[in-house]
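The values are calculated or read from the model by the stated rules, or taken from the named source; none is laboratory data. This one's a predicted model, so the numbers in the text were calculated from it and none came from an experiment. Counting neighbours? That spans all protein chains shown, and the Cβs are built from the backbone with ideal geometry, glycine included.
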Amino acid sequence: MDIPYTVEIRRDTGLTNGKIGIWLFLASEVMLFGALFASYILIRTGATTWPRGDSILNVPLATFNTLVLISSSVTMVMAWASLMRGRLGTFRMYMGATVLLGFVFLVVKYFEYSHKFHDELFPSTNNFLAIYFTLTGLHMLHVIGGMAVNAYLLGPGSKLWKTNPVWFTNRVENSGLFWHFVDLVWIFLFPTLYLL
Amino acid sequence: MSDPAAVVVPKGSKAHVAHEVHHEELGFWRKYVFSTDHKVIGIQYGITGLLFLFFGFSLMMLMRWQLAYPGAAIPLLGTLFGEARMPGGTMLPDFYNELGAMHGTIMVFLGVVPVAVGGFGNFVLPLQIGAQDMAFPRLNMASYWFFFLGGVTMLASFFVPGGAAQSGWTSYAPLSVLATGGQTWWLIGMIFLITSSLLGAVNFITTTIQLRAKGLTFMRFPFFVWAQFVTAFLLLLAFPPLEAAGIMQLMDRLAGTSFFLPTGLVVSGQVVANAGGGNPLLWQHLFWFLAHPEVYVLILPAMGIVAEIIANNTRKPLWGYRSMVWSLVFLGFMSFIVWAHHMFMTGMGTAMATFFQTTTMIISIPSVVILTALLLSLWGASIRINTPMLFALGFLPMFGIGGLTGLPLGLNVADIPLHDTYYVIAHFHYVVAPGTIFALFAGVYYWFPKATGRRMNETLGKIHFAGSFICMNVIFMPMFMLGLAGVSRRLFDGGASYDFAQPVLHLNVVSSWGAWILAIFQLPFIFNFFWSIWKGEKVGDNPWQATTIEWAAPSPPPHGNFAVAPEAHRGPYEYSVPGAPRDFLPQHEA
């Protein structure tokens, strides 16, 4: 049994099921991170002292990571655009770059974390570090999730291209929407935690 | 996806009809256990949810013994729970707290919502919009299994050292942060349940928008579809903040952070060795940001079910369908900005309290509009009295009592003496127990013929209704009096140690006997349910002579539902149309 509008667009809504689904999912993600940012504001405004982010965290590394994630968003778009032009080879290249850049982000994050732990800075040390580890940790889980989906689309998932290229392109587009969202969360996280 | 035939995708609405013919027979596991069919998943949700409802009710029956006869050993059953929980059959306070917290959690998150949304939503909604399944069948299956995992986690927590969560279904910090290990299980269980409801909500909204039949515009939706649609948005957007709160509480418990622990917190005469600087009110805000919309998640599907049954049995269109729909949408929106009326007593400030008391008064308007429209729908009708209709009719005054007694709680000043008393318990149980649960029973009796091809026994159904209706009121009406007398809802002895409570203590006994007799009146239902699956009266596809599209499908509907994709030609409730050959014009008939 095939569900209608998985591949083709429903004419009166102009959308596929997957497109609506991913946007709804992102809406719930906005609420998830929104609640954490709101908690950050509440805890910070109630605190007697609050460290400036750059006095504890490594701003140059995070700036580098911001550039890495933004680049990965660009390669993600290029991957989708390659499919729209019917070029699986260039898709592979760009999608590979996207996954790789995600990996670079994680490696940098690993060094940041281990440096903090080495300096005996833990989530329990103070509430600044608590919210830092919670927000960046949750964001990191999202990066890993996005990388897993992208890696699947790069590897076994790309078989779908042969049988149903439109469907495959839609999947890459939806995965891309998620990836851009993860990128966007970081764009908010970076100034909030590192600079303010 | 692994099915090679599935790769060829039909274009246009006609093509998928042909697919019904050649779908292969599935094995037992794929057909009944790991099924992607929305009807099987709906039934799985429904039965699991009903079992949890009964389990949660059983926890309460134990608590009611302690409240009616504080300190007395429970006859017969008392010894089964072991010395750690009930030495000599007498309940310990910690175990009472476990029962209380788990009763609330199970009833709300594992009982009512799974039956109302997971069960009825899954089973009925795709049929009512003329779809062959949900938009994402495998996500749908994942949703059920996440729910199942969440339920198992909650049940397992009874057996961990220190027992299950004891900090109430609200898990207020800092009590919950410092509680025993069961609280961690509670949080993990909640994360599973939130994941489940997220997958469900995405699926419901997408299905409603994308898979509705040709000609089924939004204003031709049955009210039930609208109710599920709005509910899905509430689940989608209100649950994530609780997930965020749950993550923070897990961090507090496991990583030693202080999100909810203030500086200088003293427990048992000792300052807690945390960094401090946290805010216990933050938990309450995040919790109620979910839990107030959750109240509407509990009630909106119930209103949807009742609306269907009332339209069907009054043989009239619903009175004011459009105002009901817009009220529903407004209600959904408003439910996001009333949450702090649960927190008037926290000292959050009069400006905040004024804002939330105002929005709370505003949100009562659409609820009253919907209830009034349902009541007016009865006007001048020649009402068919059958079991689903009895439960639907029972819903109206019960929800009315529950809703109207909520108004004093929503007013800042009136809330001060009533807060945290039995009055609150009576108020929200009138909404949820004889309210929503009656609607769920109505739905079971009403859609049972669609799911099985057989009707449930009417006599047993009427006994079930009459007994439940009386017992529900015997249980909850005395609680209003207890509450107005000032008895706190949190007391292990039901108020026996307070002088002022002495004149009303006997009401605890009345309530308790009401609860135990209510259990007896569920036996006809349980028997009827199973007996009717095999032995119930066989009926046709449309036994209630209803107009909505689910009745166009065979009973029980096969995988894929409809032999020919249905089209909607008119509104949902065209009953007794003047000049028509019958007193109902189904939506799908040209």
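Conditions (1) crowded, with 23+ Cβ neighbours inside 10 Å; (2) modelled with pLDDT of 95 or more; (3) within 17 Å of B:ASP133 (Cβ to Cβ), marked per residue:
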residue	(1), (2), (3)
B:GLN183	yes, yes, no
B:MET190	yes, yes, no
B:PHE204	yes, yes, yes
B:ARG212	yes, yes, yes
B:GLY215	no, yes, no
B:PHE218	no, yes, no
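Which condition from (1) over 16 Å from the mean Cα position of the chain (by Cα); (2) surrounded by 16 or more Cβ atoms within 10 Å (Cβ to Cβ); (3) within 14 Å of chain B (Cβ to nearest Cβ) is the one that A:TYR94 breaks?
If we test A:TYR94 against (1) over 16 Å from the mean Cα position of the chain (by Cα); (2) surrounded by 16 or more Cβ atoms within 10 Å (Cβ to Cβ); (3) within 14 Å of chain B (Cβ to nearest Cβ), just (3) comes out false.
Among the numbered conditions (1) more than 19 Å from A:VAL172 (Cβ to Cβ); (2) buried (at least 20 other Cβ atoms within 10 Å of the Cβ); (3) without any contact (Cβ under 8 Å) to a residue 12 or more places away in the chain, tell me where A:ILE20 comes up short.
Here A:ILE20 clears every test but (1).
What residue, of A:GLY14, A:GLY89, is surrounded by fewer than 16 Cβ atoms within 10 Å (Cβ to Cβ), free of Cβ contacts under 8 Å to residues at least 24 places away in the same chain and within 14 Å of chain B (Cβ to nearest Cβ)?
Result of the check over A:GLY14, A:GLY89: A:GLY14.
Evaluate region A:112-132: report whether one residue or more is among the basic types (Lys, Arg), away from chain B (no Cβ under 14 Å) and assigned to a helix (DSSP H, G or I).
no
What is the residue count in region B:200-227 for residues that are closer than 26 Å to A:GLU8 by Cα, of a type outside the set (Val, Ile, Thr) and more than 9 Å from chain A (Cβ to nearest Cβ)?
Counting residues in region B:200-227 that are closer than 26 Å to A:GLU8 by Cα, of a type outside the set (Val, Ile, Thr) and more than 9 Å from chain A (Cβ to nearest Cβ) gives 12.
Looking at this structure, is A:PHE37 more than 8 Å from chain B (Cβ to nearest Cβ), surrounded by 15 or more Cβ atoms within 10 Å (Cβ to Cβ) and under 20 Å from the mean Cα position of the chain (by Cα)?
Criteria met by A:PHE37.
Among the basic types (Lys, Arg), more than 9 Å from chain B (Cβ to nearest Cβ) and over 30 Å from B:ALA275 (Cα atoms): does that describe A:ARG52?
no
Given (1) at pLDDT 95 or above; (2) small (Gly, Ala, Ser); (3) not in a helix (DSSP H, G or I), where does B:GLY49 come up short, assuming only one miss?
(3)
Taking region B:188-199, which residues are more than 12 Å from B:LEU290 (Cβ to Cβ) and more than 10 Å from chain A (Cβ to nearest Cβ)?
Selection gives B:ILE188, B:GLY189, B:ILE191, B:PHE192, B:THR195, B:SER196.
If only one of B:THR354, B:THR358 is surrounded by fewer than 19 Cβ atoms within 10 Å (Cβ to Cβ), touching a residue at least 40 places away in the same chain (Cβ under 8 Å) and part of a helix (DSSP H, G or I), which one is it?
It is B:THR354.
For region B:542-557, which positions are of a type in the set (Ser, Thr, Tyr) and either more than 24 Å from B:SER576 (Cβ to Cβ) or touching a Ser or Thr at 6+ places or on another chain (Cβ under 9 Å) (or both)?
B:SER555
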